[in-house]
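Visitor: One structure follows; several queries about it will come next.
Since every read-out is calculated from the coordinates, none of them should be taken as a lab result. Being a predicted model, the structure only gives us computed values, none of them experimental. A quick note on method: Cβ atoms are made from the backbone with ideal geometry, for glycine too, and the neighbour counts reach across all protein chains shown.
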There are 2 protein chains.
Amino acid sequence: MTKERLTLYDTTLRDGQQTQGVQFSTPEKHRIVEALDALGIDYIEGGWPGANPTDSAFFEEVGHTRAKIAAFGMTKRAGRSAENDDVLAAVMNAGTPAVCLVGKTHDFHVTAALGISLDENVENIRASIAHIVAQGREALFDAEHFFDGYKANPEYALTCLKAAHDAGARWVVLCDTNGGALPTEVGEITAAVIAAGLPGDRIGIHTHNDTEMAVAATLAAVDAGARQIQGTLNGLGERCGNANLTSLIPTLLLKEPYASRFETGVTPEALEGMTRISRMLDEVLNRVPFKQSAYVGSSAFAHKAGLHASAILKDPSTYEHVEPASVGNRRVIPMSNQAGQSNLRRRLAEAGLEVPDKDPALARILDRIKAREADGYSYDTAQASFELLARDELGQLPDFFEVKRYRVTVERRKNKYNKMISLSEAVVVVKVDGEKKLSVSESMDDLGNDRGPVNALAKALAKDLGSYQEIIDDMRLVDFKVRITQGGTEAVTRVIIDSEDGSGRRWSTVGVSANIIDASFEALLDAVRWKLIRDRA
Amino acid sequence: MTKERLTLYDTTLRDGQQTQGVQFSTPEKHRIVEALDALGIDYIEGGWPGANPTDSAFFEEVGHTRAKIAAFGMTKRAGRSAENDDVLAAVMNAGTPAVCLVGKTHDFHVTAALGISLDENVENIRASIAHIVAQGREALFDAEHFFDGYKANPEYALTCLKAAHDAGARWVVLCDTNGGALPTEVGEITAAVIAAGLPGDRIGIHTHNDTEMAVAATLAAVDAGARQIQGTLNGLGERCGNANLTSLIPTLLLKEPYASRFETGVTPEALEGMTRISRMLDEVLNRVPFKQSAYVGSSAFAHKAGLHASAILKDPSTYEHVEPASVGNRRVIPMSNQAGQSNLRRRLAEAGLEVPDKDPALARILDRIKAREADGYSYDTAQASFELLARDELGQLPDFFEVKRYRVTVERRKNKYNKMISLSEAVVVVKVDGEKKLSVSESMDDLGNDRGPVNALAKALAKDLGSYQEIIDDMRLVDFKVRITQGGTEAVTRVIIDSEDGSGRRWSTVGVSANIIDASFEALLDAVRWKLIRDRA
């Protein structure tokens, strides 16, 4: 049986950026584009060129992608031609293969928000889409408030859609802008649109999660015949977010009736990267990943109930609707030390530590990780710190040096030109090769800018490590993440540091303390120790 | 038109406790029961008596409620009578008016997990339910894996349901235990159960969120005729969680076709407590509330896009599907680089600053916000810092005091017992009321624990502010968020601080610098200034 093609349109960089607190930098946008492109998304909407400087910069620098890059904008305003609308011109100037314009389809919005006649609005849609097509680009029309509009005045809402369609829009996208349409309504109205003569393979669906049903509403539209899905990674988006592609894509590929009926640009192999992509986005946003996310959450395949856990050991299908590995996730059985140990051995092997099955050190390592996690540590990403902890239990951690004490001072005051300046100074005292060494560094970089106390500490620590000095000379701190978390009963600071060396190798370490400087120093020490283990000899 | 009654059954205390990391204490359970009872929930499932000590203690101490309290357990095991099953006896001994027993209805689970015959399982269901009824209690039957069971062997799954029904169960509850059934399937199978002779007003629905569609699947069952809804507050529960009552209840009361067709025990007045109850649960769990939650999230009515914000000012229904106040939530118009002047005026008005339309200060404020956002600042959440910036442009920011300089020292060394300890000390010099004041504080709290350099700085800054001292005495730092972001071409640290005072008022401020201590100090200063503006006079 031939499968029908479903088209996936990602708007993480545009509607996703409407999430409160989210503002992507241009490099972050490029990193997300790379992940979406590797996943197999068909269209990537990059932003609204001209609306803000970051969006404009993004389009200037975007490289070659398999996916079509789309620029977002709005239909031309009344009283001028499409050619003479400067807002539309800025969108066209981004030079993207696809251009998606939002326009009104709800009569109330046309008269109340735009203050123009219903006919003028239809003409704005028609002329704008025709303009895009005339420039040789692919046009998409986002029908704003379509479901509310259809309920209020179906004839007018359809007239708007047809104007876009007849002017050459490749897709008309039915948007539930306020997020209030329930799945049943979305299904019925989508079916009515198709019955009115618009073909399903020209219709897209764009929903919001204001009733926690954006995913279901999207599938209801697909069931009714829509063939393009718009959504965002991790359900980012205005208010309660957009339809979550991170949930939708696994359902489309793994669940019936969708798996047999449709195909998308996402292969089963690419789907195995879903969990990683979801976590990457949270890392970019410095968010704690939501554990209970469908498919990709760290609890999505966690079996806490005793009855469930024991049945899972007999047959995973008893309490799992899909294979965790199919989306790159893992099963978690908190009760089972057995499962814990095999997991652990795999991770040790990744660090080059082969430990025999049933070695008593395995249980000791697990206990210590549990205790440290209760204190606020996290070893999910800090693989280098995990390795050091394991080496310590296995008796394979050399005493390279000992830190006797350190002191950091941060001072802010007026300089002689009466300007406020900051300066940090760090003193680190280590004992190495039997010798005590005092090092002092300040936080000023070569350009005379203050880089802060952690930078000063890192420089002082790495300034003189005797015979080890040469090994760590090419190390540098490339990223630094801080989170307030719960350790025991008190709030503590967790710092994760990413380091890099001359060979381009990157590694992550973790430190935890109520004191942010202490937590940073602990992570720095681990970073140096890991590098010494890898490169001495 | 007479409305049909829908029954609400809450399992936050039982299935909700299967959430990874969740373990309620007995007093916490009582606090949640009180909230659920005030909300108007019909049944509150308190736990599994006998399965763990907290659950048993809860039932001993639960007081009078309008809601029926239910104890959870499982059908009797094979090879003994209901009267002689000690697990079932422990459940009955809790003495609750309602008892809900889970039992198998999927033939594969009966033979593979229980290892008994299909007939034995049916008899276990019948005898267990009959036993509850004979004791004068109300019986409910949770049909585990019902949808998978029905797909595999509809005849057997229905036989199990009928055994419970005929033995006197008030409700048979169709459970999608693995969370893999899609809403369409749930609707079709529920309709088939009713067509097979089980009346809808004896049928409940219990779904899980493994495809992010638990809410939609629940409503699909209601559409098909089921009249009891099981769910949890905030969607707590095993793996990805249960159907979220915090989303379902507002939809049932506020949205069509449900609002006209059904009534529940929740009044419109009680619904206004929904947001508060949701936040209370997060507080009990010490979780940061999820901002994008439907209806109750702090972003649920946040309008970031400039076009949306300006339309909202004309008529809130343009971008809101329900009134925020109907669920006890509120509208937020955050500031961001996409916001226009109308958005800005609205936000200024919220801060008590009435600025005339077209005032040239508006453009200056927007420009300054844009420039600061390019430097790494973010004003989406830091409303208090936004207000200070605007007041500065409007000439309405008093010079309360001037910080001349500060110095913080963080030291880590061995104490006299040869144990490594950390201590921070901060000196802040301010000029206030024409007088120079030096204050020094250290980071040790009352218990002798080091709370770090930011804490020491906050204490030193607030130690002596002359005539303003009294106003800020009840301030405290309640949260502290740090992220590394891009400011211009360099990585900088953005710190957001949440402060609280004796009246329970909370406000957020932001600071940005390459130096984390500087960034924190800037946010601290804003916090103090904002409090002074609000409370002096």
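Visitor: Quick one: B:CYS175, A:CYS100, fewest Cβ neighbours within 10 Å first, how do they rank? Write out the running numbers ahead of the final one.
Guide: On the way: B:CYS175 26, A:CYS100 30.
By the 10 Å Cβ count, ascending: B:CYS175, A:CYS100.
Visitor: Normalised by the residues of chain A, what does the relative contact order come to in percent, with Cα pairs under 8 Å and at least six apart? Mind dumping the intermediate values first?
Guide: On the way: 1018 pairs, mean separation 49.0, N = 537.
Across chain A, relative contact order equals 9 percent.
Visitor: Also, I was wondering about something else. Placing +1 on the Cβ of each Lys and Arg and -1 on the Cβ of each Asp and Glu in the stretch B:316-418, which of B:PRO324, B:GLY352, B:ALA382 has its Cα farthest towards the positive end of the resulting dipole?
Guide: Highest projection toward the positive end goes to B:ALA382.
Visitor: Separation of the stretch A:1-64 and the stretch B:462-537 by C-alpha centroid, Å?
Guide: Using only Cα atoms, the two centres lie 34 Å from each other.
Visitor: Then there is this: Using +1 on the beta carbon of Lys and Arg, -1 on that of Asp and Glu, and nothing else charged, what's the dipole of chain B about the Cα centre, debye to 20? Intermediate values should be presented prior to the final figure.
Guide: On the way: 62 positive and 75 negative charges, 300 e Å.
The dipole magnitude comes to about 1440 debye.
Visitor: Can I get the semi-axes of the stretch A:4-266's equivalent ellipsoid? Compute them from the C-alpha gyration tensor as square roots of 5 times the eigenvalues, in angstrom, largest first. Don't skip to the end; give the middle numbers.
Guide: Numbers: eigenvalues 123, 112, 55 Å².
Ellipsoid semi-axes (Å, largest first): 25, 24, 17.
Visitor: Relative contact order for the stretch A:4-266: what percent, with Cα pairs under 8 Å and sequence separation of 6 or more? Numbers along the way, then the final one.
Guide: Values: 562 pairs, mean separation 55.1, N = 263.
21 percent.
Visitor: Which value, in debye to the nearest 20, gives the size of the charge dipole of the protein assembly as shown about its Cα centre, when Lys and Arg are +1 and Asp and Glu are -1 at the Cβ? Please list the in-between numbers first.
Guide: Numbers: 124 positive and 150 negative charges, 475 e Å.
That gives a dipole near 2280 debye.
Visitor: A further question on this structure: Distance between Cα centroids, the stretch B:408-460 to the stretch B:134-211: provide it in whole Å.
Guide: So the two Cα centres are separated by 62 Å.
Visitor: Sum -39500 (n - 2.57) across every DSSP H segment of at least 4 residues in chain B, then divide by the residue count to get the 222 nm mean residue ellipticity, nearest 500.
Guide: Value at 222 nm, helices only, nearest 500: -11000 deg cm²/dmol.
Visitor: Continuing with this model, one more query. Taking 7 Å along the Cα-to-C-beta vector as the label spot, tell me the B:ASN449-B:ASN93 distance in nanometres, rounded to one decimal.
Guide: 3.9 nm
Visitor: From the mean inverse distance of alpha carbon pairs (Kirkwood) and the Cα radius of gyration, derive Rg over Rh for chain A.
Guide: On the way: Rg = 27.9 Å, Rh = 26.5 Å.
Taking Rh as the inverse mean 1/r over Cα pairs, Rg/Rh reads 1.05.
Visitor: So for the pair B:GLU269, A:ALA38, with labels modelled 7 Å out along Cα→Cβ, what separation do we get in nm?
Guide: 5.8 nm
Visitor: Scale the Cα Rg of the stretch A:405-537 by the rule-of-thumb value 2.2 N^0.38 Å and send over the ratio, two decimals. Walk me through the numbers before you get to the answer.
Guide: Working: Rg = 15.8 Å, N = 133, 2.2 N^0.38 = 14.1 Å.
Computed over Cα atoms of the stretch A:405-537, the ratio equals 1.12.
Visitor: Within the protein assembly as shown, what percent of beta bridges assigned by DSSP are antiparallel, to the nearest 5?
Guide: Values: 91 of 165 bridges.
Close to 55 percent.
Visitor: What three numbers, in Å, describe the spread of the alpha carbons of the protein assembly as shown along their principal axes, ordered from the longest?
Guide: Principal axes ranked by extent give 90, 78, 63 Å for the Cα atoms.
Visitor: Given Cβ point charges of +1 (Lys, Arg) and -1 (Asp, Glu) and nothing else, what value in debye, to the nearest 20, does the dipole of the stretch A:81-194 about its Cα centre take?
Guide: On the way: 6 positive and 16 negative charges, 53 e Å.
Charge dipole, the stretch A:81-194, about its Cα centre: 260 debye, nearest 20.
Visitor: Kirkwood hydrodynamic radius for the stretch B:219-363: how many Å is it when counted over pairs of different Cα atoms? Could the numbers behind the result be given before it?
Guide: Numbers: mean 1/r = 0.0581 Å⁻¹.
Hydrodynamic radius (Kirkwood, Cα only) of the stretch B:219-363 equals 17.2 Å.
Visitor: Next up: So, in nm, how far is label A:LYS463 from label B:ALA374 when the simple model puts each one 7 Å beyond its Cα toward the Cβ?
Guide: 3.7 nm
Visitor: Sticking with this structure for a sec: Can you tell me what share of the DSSP beta bridges in chain A is antiparallel? A percent to the nearest 5 is fine. Provide the component values of the computation, followed by the final result.
Guide: Working: 42 of 79 bridges.
Bridges in chain A are about 55 percent antiparallel.
Visitor: Order by neighbour count: B:ILE129, B:ILE421, fewest other Cβ atoms within 10 Å first, most last.
Guide: Values: B:ILE129 28, B:ILE421 14.
Fewest to most other Cβ atoms nearby, the residues stand as B:ILE421, B:ILE129.
Visitor: Taking the beta-carbon count within 10 Å as an exposure proxy, list A:HIS131, B:HIS145 from fewest neighbours to most.
Guide: Fewest-to-most Cβ neighbours within 10 Å comes out as A:HIS131, B:HIS145.
Visitor: Per the Kirkwood formula on distinct C-alpha pairs, the Rh of the stretch B:1-89 is how many angstrom? It would help to have the intermediate numbers written out before the result.
Guide: Working: mean 1/r = 0.0695 Å⁻¹.
Result for the stretch B:1-89, one decimal place: 14.4 Å.
Visitor: Here is a further query. Go through B:238-248, B:256-266, A:288-298, A:513-523 and give me the packing order, highest mean Cβ count within 10 Å leading. Walk me through the numbers on the way to the answer.
Guide: Numbers: B:238-248: 27.8, B:256-266: 15.5, A:288-298: 21.3, A:513-523: 25.5.
Result, highest mean Cβ count within 10 Å first: B:238-248, A:513-523, A:288-298, B:256-266.
Visitor: Taking the Cα of B:GLN135, stepping 7 Å toward and past its beta carbon, and measuring to each backbone N in the stretch B:142-177: which are under 16 Å?
Guide: Label zone hits: B:142, B:168-170.
Visitor: Going through the cross-link list A:LYS29/A:LYS68; B:LYS104/B:LYS162; A:LYS151/B:LYS255; A:LYS419/B:LYS404; A:LYS404/A:LYS436; A:LYS414/B:LYS459, which pairs have a Cα-Cα distance over 18 Å in this structure? Walk me through the intermediate numbers first.
Guide: Working: A:LYS29/A:LYS68 15 Å; B:LYS104/B:LYS162 13 Å; A:LYS151/B:LYS255 14 Å; A:LYS419/B:LYS404 11 Å; A:LYS404/A:LYS436 9 Å; A:LYS414/B:LYS459 22 Å.
Result: A:LYS414/B:LYS459 exceed 18 Å.
Visitor: I'd like the FRET efficiency for B:GLU256 and A:ASP433, computed as 1/(1 + (r/R0)^6) with the beta carbon distance as r and R0 of 60 Å, rounded to 0.05.
Guide: Values: r = 78 Å, r/R0 = 1.31.
The computed FRET efficiency comes out at 0.15.
Visitor: Can you give the convex hull volume of the alpha carbon atoms of the stretch B:406-464 per residue, in Å³? Show your work: numbers first, answer last.
Guide: Numbers: hull volume 4.3 nm³, N = 59.
Per residue, the Cα convex hull of the stretch B:406-464 comes to 73 Å³.
Visitor: Rounded to the nearest 5, what % of DSSP beta bridges with both residues in the stretch B:4-266 are antiparallel?
Guide: On the way: 1 of 37 bridges.
Roughly 5 percent of the DSSP beta bridges within the stretch B:4-266 come out antiparallel.
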